[in-house]
Amino acid sequence: MAEQADAIVVSHTKSGRTWLRVMLSHLYHLRYGVPAADLLKFDNLHRLNPEIPRIYFTRDTQTPTFSLSGAAVPLSDQKRVLFLVRDPRDVAVSFCFHVCNRASDRELARKNIPPEAKALPLYDFVTSESLGVPRIIAHMNRWYREMPRFAASQWIKYEAMRADPEATLKRAIAFLDREFEPELIRKAVEFASFESLRRKEADGFFGSGRLKPADAGDPNSFKVRRGRIGGYRDYFEPAQIAQLDALVRETLLPEFGYGTPAQSDRRRSKQAG
């Protein structure tokens, strides 16, 4: 599918890909009238209206995606690739909740994640070389270095989507497809707001299983869970937070901006306010 796609979206699990997918899907609903409950899945909307591009969402620039074994097959360098990134500390915590509360045994087997991962303490999970922050950082660093080889590439940050979703969606859709009217952008953002998606997931609005809770009675089993920026700090002791911060500062490429003291200070100041 990747080879037939008009554009590729690459992101690690729990980086905001589903949120972006919902906003993009709703833009096409508003412009072309495709069903509002249908989410972009490669060419499903393209088959309803050829004006809609085939957008392929993946976890990696190499396939099989998210595999810890097997031969890697890089994406063609002629592709238009949008990278979506998020603070690896928040990603790792959210991914742990996903593995422990949402992932089926089949999904774990497909992703080569041992069932024992569900029993790991949270800090052990997020510091694991094969599951947590170190692995996410390695992926992000490689993605960043790969960007120049593609015909067109761009990256957006989850944190920017939270801070200014309209501007970030406008930038994403202009890169993936074309510019959309500001009013359509505004409506798509409103449709996909955190509170709106939470309600839609609980009500089973979308036909896709991507937005269904594994257990409607367990808030941690929802796809739309918290989405907080810097929320990883809520789960660890100060010494553990310091170790995670040092890991990001020392090993993640500084171009992402997640390891700088200035950013950490701004985040704390914003939360305190």
* Counting DSSP beta bridges with both ends in the stretch 1-125, the antiparallel % (nearest 5) -> 30 percent
* Asked: What figure in square angstrom, to the nearest 10, would you give for the accessible area of Lys118 with a 1.4 Å probe?
  -> 80 Å²
* Report the extension gain between Ile229 and Glu195 in nm, rounded to one decimal, defined as 0.36 nm multiplied by the number of residues separating them, less their alpha carbon distance. => 10.6 nm
* Which residues' amide hydrogens lie under 5 Å from the amide hydrogen of Phe57, considering only partners 5 or more residues apart or on another chain, with H built in the peptide plane? -> Val9, Phe42
* Asked: Between Cys100 and Ala242, what length in nm is gained on full extension when 0.36 nm per residue of separation is reduced by their alpha carbon distance?
  -> 48.6 nm
* To do: Consider all pairwise Cα distances in the stretch 78-164 and report the whole-number % of them above 23 Å.
  => 35 percent
* Can you give the accessible area of Glu183 in Å² (nearest 10), computed on protein heavy atoms with a 1.4 Å probe? -> 90 Å²
* To do: Give the accessible area for Met1 in Å² (nearest 10); use a 1.4 Å probe, count only protein heavy atoms, and leave out ligands, DNA and RNA.
  => 120 Å²
* Once phi is turned into ³J(HN,Hα) by the Karplus curve 6.51 cos²θ - 1.76 cosθ + 1.60 with θ = phi - 60°, what whole-Hz value does each residue of the stretch 145-151 show in order, with x for glycine and proline? -> 5, 7, 3, x, 7, 8, 4
* To do: Would you compute, for the Cα atoms of the stretch 116-201, the largest minus smallest coordinate along each principal axis and list the three values in descending order, in whole Å?
  => 47, 40, 19
* Structure fact -> Of all C-alpha pairs within the stretch 1-138, those more than 27 angstrom apart amount in percent to 28 percent
* Evaluated at q = 0.19, 0.22, 0.30 Å⁻¹: base-10 log I(q)/I(0), Debye formula over Cα of the stretch 6-60 -> -0.60, -0.78, -1.25
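The values are calculated or read from the model by the stated rules, or taken from the named source; none is laboratory data. As the structure is a computational prediction, the values presented were derived from the model and not from experiment. The accessibility values were calculated without ligands, DNA or RNA, using every heavy atom of the protein model including side chains. Shrake-Rupley method; radii C 1.70, N 1.55, O 1.52, S 1.80 Å.
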